[in-house]
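Some notes on the structure that comes next.
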Amino acid sequence: MVTYITIATVFAAIGYLVGVMIAARRHVKAGMFDEIERHHRTEMRRIIGQVAPKFPESIRVLSPGFCEIYVQANDAESYRLSEVCGLGYGRALEFLVKDYAKTLRPEDARQIETTTLASCITTYITDPAIQEAARLATWLRNDQAHYVRRFQDKDIPDLKRLITMMLAFIEENNQRKKKETLLSEMSVEMRSRQRRTGGTS
């Protein structure tokens, strides 16, 4: 009886190990295929003269979802999938706007995530340039999703141009905030020293 139990346990252990090995092999295989696919996408871009998008560190930290979706939309565009890549750029836009809005109003993060994109722009984006670029981009984004397009003379390059403008305005704002913080710190330090030394000017 004990022998039968021992044999059954050994076979069960062997079966488990085989299952783990098969799962690990599949995982490694999937990783290899992903790497091969990435390589082919890079080669495709090189052949057709398209450069993969790169984003500043501040944007990658602000909205990793935007960066990932934008790159995938760019992949679709590189394969000439013009009927679907616009939807991807539009989704990337939503991630960018909402992630940026959450940095401005972190206490409203839940509402920002669930509100419509148009409402998010109107309610939470206060910078006029970012707000206008986001609003125009949203109109073109909607055109990519609907049967009838309102802006027949505008297309994916225009949507991408507006997103690029938004990125530039956000980056400018980030740089301005850093400079304002530095200015404030210097002001506190120098005014304190001025008072201690009795200066008046």
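Only the coordinates and a few stated rules stand behind these numbers; no lab work does. Keep in mind the model is a prediction, meaning the values are calculated, not measured. Positions of Cβ are generated from backbone atoms using ideal geometry, with glycine treated the same way; all protein chains shown enter the neighbour counts.
Brief remarks on what is shown
- Estimated at 0.36 nm per residue, the fully extended path between residue 9 and residue 146 surpasses their Cα-Cα distance by 43.3 nm.
- Our coupling estimate for the range 81-95, obtained by passing each phi through the Karplus curve with A = 6.51, B = -1.76, C = 1.60 and θ = phi - 60°, is 8, 5, 7, 10, 5, x, 5, x, 4, x, 5, 4, 4, 4, 4 Hz, Gly and Pro reported as x.
- For the residue pairs 102/177; 54/98; 102/154, the alpha carbons lie more than 22 Å apart in 102/154.
- Virtual spin-label span in nm between residue 183 and residue 51, 7 Å along Cα→Cβ: 3.2
- The stretch between residue 84 and residue 107, if pulled fully straight at 0.36 nm per residue, gains 4.8 nm over its current Cα-Cα span.
- The GluC sites (Glu not before Pro) found in the range 88-179 include none that occupy coil by DSSP while having at most 13 further C-beta atoms within 10 Å.
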